[in-house]
Amino acid sequence: MSDNNNRPKDSELQAAEGPPDPELESLIAPQGYNPELVDDVATMETPAQQRRSAIRFMVISLILLAIGFWFCTPANLVVPENLDDPAPYGIEERPTPPSNKFLEDAMPRAVAEFKLVDLRKEKVFVDPFVGADIVQGTYLDGIGNPATVIMIQAKSYINARRYLENYKKLLEERTTVTEWKERLYIEENYIQWSAPDFGDRAYGLAWNNDRYFVAVTSPISATQQALAAAFPY
């Protein structure tokens, strides 16, 4: 009890020490002190750590990209010798059909001297388009020579390329091809042929424009070439 009675009061201690130093108090507990902000600063990455994180992210992204490319590319893919050669009639420079139209509405009603005389859409179950919804247009030139255009909106350029590969297989199995040219690689692909014994498809050019498959065929070489050269897609 005697010790407590002799102990100075808090007010006496404060009076002895003098008034509080505002500058010192601001250092100890600044205005708006936020302990969460202190935690964020304590866990903030250094520039070196940030660089390592960025490099790690880039490496993982490249690995995932390579894996995706590996699974999306056919196992038997071979780089063609004519990869850098221009495609016939500049087909690789053509726009895709308008995305705001149904494919049958995008089929041109006239192409140069050719007039569309028949148009139909159907799901087919025969090679080389098994299971596909095709839009087929029949054209006549100024003197009545026929040519046919088939268009398919595939799910991707990979599926469109598969139609080309199936078409190539069909020609190899069912007719004698006298002239052949192809580029079957990644995105911009085409096949071009002459097979005089193959009826309405004796002469043809088929290609993919992104995910769209397009084929122009005719029993007459000059007619097929003229329509393929003028077709807008």
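Derivation of every value follows stated rules applied to the coordinates shown; laboratory data play no part. These numbers were taken from a predicted model, which means no experiment stands behind them. Heads up, the Cβs are rebuilt from the backbone with ideal geometry, glycines too, and the neighbour counts pull from every protein chain shown.
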Just to check I understand the Karplus step: with θ = phi - 60° and J = 6.51 cos²θ - 1.76 cosθ + 1.60, what whole-Hz values come out for segment 133-140, glycine and proline as x? 8, 9, 10, 10, x, 9, 10, 10
Measure off 7 Å from each Cα along the Cα-to-Cβ vector at Met58 and Leu116, then give the distance between these two points in nanometres to one decimal. 5.0
Using a 10 Å cut-off around each Cβ, can you sort Ile186, Ile134, Ile55 from fewest to most neighbouring Cβ atoms? Ile55, Ile186, Ile134
Using only the alpha carbon atoms of segment 85-233, find the Kirkwood hydrodynamic radius as the inverse mean reciprocal pair distance, in angstroms to one decimal. 15.2
Sorted from fewest to most neighbouring beta carbons within 10 Å, what does the list Ser99, Ser221 look like? Ser99, Ser221
Excluding residues on the same chain fewer than 8 positions from Lys123, give the lysines whose Cα lies under 17 Å from its Cα. Lys155
Full extension between Ser194 and Phe125 adds, at 0.36 nm per residue less the Cα distance, a length in nm of 22.4 nm
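Could you put Val117, Val216, Val135, Val177 in order, starting from the residue whose Cβ has the fewest other Cβ atoms within 10 Å? Write out the running numbers ahead of the final one.
Numbers: Val117 12, Val216 28, Val135 20, Val177 15.
By the 10 Å Cβ count, ascending: Val117, Val177, Val135, Val216.
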Hey, with R₀ at 35 Å, roughly what FRET efficiency would Asn159 and Ala48 work out to, going by the Cβ-Cβ distance, to 0.05? 0.15
Coil-residue trypsin sites (Lys or Arg not before Pro) of segment 139-204, DSSP, other Cβ within 10 Å capped at 12: Lys155
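Which pairs, out of Lys101/Lys121; Lys121/Lys168; Lys121/Lys181; Lys101/Lys169, put more than 25 Å between their alpha-carbon atoms?
Lys121/Lys181; Lys101/Lys169, as the Cα separations exceed 25 Å there.
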